[in-house]
Structure formats: C-alpha cells, structure tokens
Amino acid sequence: MPHTAGILYPGYSAEDDYPTLERLLGGGVRLPVVHTLMREDAHRVDALLDVGSESVLADGARALLEHPVQAVIWACTSGSFVFGWQGAREQVEKLQAVTGLPTSSTSFAFVHAAARLGLRRVAVAATYPADVAERFVEFLHAADLEVVRLSSRGIVTAAEVGTLPREQVLEFAAANDDDRAEALLMPDTALHTAAWLDELEDRLGKPVLTANQVSAWEALRLAGDGTARNGVGTLFRRPPAGPAAGEPTGFPPTRRW
C-alpha cells in the first residue's frame, strides 16, 4: 500500500532532500512538500518563534491538505524546540487540530528515532549559533537523552546552511563525533544529508540521525509505513513501528522499542 506523508518546510534551503528520500526509499512512498512562510531567515530565537507560529503553520497545513496525505510533519527542528518541551507539544497539538491527521515535528522525530534505536548518549553537531544549539540540548535532556558533546558551526541563515557541500558535511560530522556517543545527531533541516546518509555512518562507524531523515521517518511512521529499507541509514533499516494505542502522535513513546 502506498504511503503519502506531508512535509511542512520553512522557506527554501534543503527541501530537495525530500525528492531524494522518495527516490532512495523506493516506490510507494510520497513526500509532498509545502513551503511555509519565513519572514526572516535567521537562526535567532525571535525569528524562529515567528517561523513556528500558529498562524504560519495553519496556513501551510491547509495548503498541504490539498494533497492526499496520511500524516503531517512540521519539518523544522529549531522552529519547534525553540518553544521548549511543552511549547513544542502545544505546537503539534494545534497543528494536528488543523490537519485532523497524525502530526508531529522534527524535534519529536529525533526523540522517537533515538528511542527506536535504544539510544541514551548522543553527540550533537549543529549548524546553528551556540545559543540556539543549546536549546536543542535542553530539549533532548527533557527526553532523558544525555548529550556528551555539543558542537556549533555558528551559521545564522538556513540559506547558507543549504549550500554546504558533501565533503564539508562529512567532515563536520566526523570532526564533532565523540567516542562516548552511541550516535551523532545533526539537527538542521536546512542541511543537505539525504544522499549521504550511509556515507556519514560509514565515516563515523555508528548511527547518524539527520533532520530531514528523521522527519521523513517520523512522517511515514505516523502514516502507517512499517517497511525496513536500506540505503538511508541505520534508522530506516528498523521497521518504523507506529504509535501504540492511545499514544499521542507527536509526543515521546514509552521506551517499548
């Protein structure tokens, strides 16, 4: 059965990762993208609060519902975790009220993906400025994940992040791993990674979770896809089990995985 998961994506930077993921995941998967309003392209708290605001997401969701999607993800890590744990939860609840469909965000996708792989200790290689990156660490701590190393590249705009080429992405990941970490997390959906997921893991010798990867995985999980796939990292080699009965769609599962 084909699965179609809708992607709400802020602005323009690495949205072409989703057609790449469609191709790598194979037939039966569709990831239509709708671009949401970005008044200012800045990894700065005030700008990110606007990017992830209720009215902006509602407008995007209504446009996305013109596609026959089975689930929706707000594909912006910083535009979700910047609200804090409870704020990110409320953001998903309000968005789901508009979509009427299983809905989540990239920040919760990282938490679910880490649970799926049984992770406890991670390193984070963030392209954001340091103050924004620290908020991602706080979000992970709220999910009982220990961050043993945080690295920040200090890039302000998503547009600049989207220009980083393959070798720089691979080098950034390798330079900011930590032997104590069970996996490396790369949290910016503006960062191209989809075509290099297996290369990233080969370079580090461990799972690497990237923002567009976990967004697609989470959306397909909520759409009911249970297919294991190769070529897109360790995460997709594990069937993406759907939420348990009664589990809120956008929020952390119990560690039943």
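For Leu117 and Asp46, the FRET efficiency from 1/(1 + (r/R0)^6), where r spans their Cβ atoms and R0 equals 41 Å, is about 0.75.
On a per residue basis, the convex hull of the C-alpha atoms belonging to segment 94-211 measures out at 118 Å³. Kirkwood hydrodynamic radius computed over segment 1-69 comes to 13.1 Å, based on all pairs of distinct alpha carbons.
Which value in deg cm²/dmol, rounded to the nearest 500, describes the helix-derived mean residue ellipticity at 222 nm for the chain, given -39,500 (n - 2.57) per DSSP H run of n ≥ 4 and division by the residue count?
Values: 12 runs with 109 residues, N = 257.
Here the helix-only value at 222 nm equals -12000 deg cm²/dmol.
Over segment 88-136, with a single point scatterer placed on each C-alpha, what log10 of the ratio I(q)/I(0) does the Debye formula yield at q = 0.20, 0.22, 0.25 1/Å? At q = 0.20, 0.22, 0.25 Å⁻¹ the computed log10 ratios are -0.84, -0.91, -0.98. In this structure the amide hydrogen of His3, modeled in the peptide plane, comes within under 5 Å of the amide hydrogens of Val29, Arg30, none closer than 5 places in sequence on its chain.
Accessible area of segment 137-177 with a 1.4 Å probe: how many percent of it is carbon plus sulfur? Each step should come with its number before you reach the end.
Numbers: 880 of 1920 Å².
Ligands and nucleic acids excluded, carbon and sulfur reach 46 percent.
Taken along the Cα-to-beta-carbon direction at a fixed 7 Å, the label points for Glu199 and Arg180 span 3.1 nm. Within segment 51-155, the proportion of Cα pairs with more than 20 Å between them is 41 percent. Length gained on full extension, Glu138 to Leu37, computed as 0.36 nm times the residue gap minus the Cα-Cα distance: 33.7 nm. Please report the antiparallel percentage of the DSSP beta bridges confined to segment 49-208, to the nearest 5. Percent antiparallel among DSSP bridges in segment 49-208 is about 0. Each residue of segment 134-140 was assigned a 3J(HN,Hα) from its phi angle through the Karplus curve 6.51 cos²θ - 1.76 cosθ + 1.60 (θ = phi - 60°); the sequence is 4, 5, 5, 4, 4, 5, 5 Hz, with glycine and proline shown as x.
Its relative contact order, with pairs defined as Cα atoms under 8 Å and 6+ residues apart, puts the chain at 24 percent. Over segment 115-181, the alpha carbon radius of gyration divided by the compact-protein estimate 2.2 N^0.38 Å works out to 1.16.
Between Glu66 and Glu90, the FRET efficiency from the beta-carbon distance, with R0 = 30 Å, is close to 0.75. Phi-derived couplings, Karplus 6.51 cos²θ - 1.76 cosθ + 1.60 at θ = phi - 60°, listed residue by residue for segment 172-179: 4, 5, 5, 6, 10, 7, 8, 4 Hz, with x used for Gly and Pro.
Counting only heavy atoms of the protein chains, get the accessible area per residue of the chain (1.4 Å probe) and round it to a whole Å² value. Don't jump to the answer; show the numbers that get you there.
Details: 9620 Å² over 257 residues.
Using a 1.4 Å probe on heavy atoms only, each residue of the chain averages 37 Å².
Compared with the rule-of-thumb size 2.2 N^0.38 Å for a compact globular protein, the chain has a Cα radius of gyration ratio of 0.89.
Per-atom-type breakdown for segment 64-116 gives carbon and sulfur 49% of the accessible area (1.4 Å probe, protein chains only).
The values are calculated or read from the model by the stated rules, or taken from the named source; none is laboratory data. The structure presented is a predicted model; accordingly, all values stated were derived computationally and were not measured. With ideal geometry, Cβ positions are generated from the backbone for all residues, glycine too; neighbour counts draw on all protein chains shown. When the accessible area is computed, the model is the full protein with side chains, heavy atoms only, and any ligands, DNA or RNA have been set aside. Shrake-Rupley method; radii C 1.70, N 1.55, O 1.52, S 1.80 Å.
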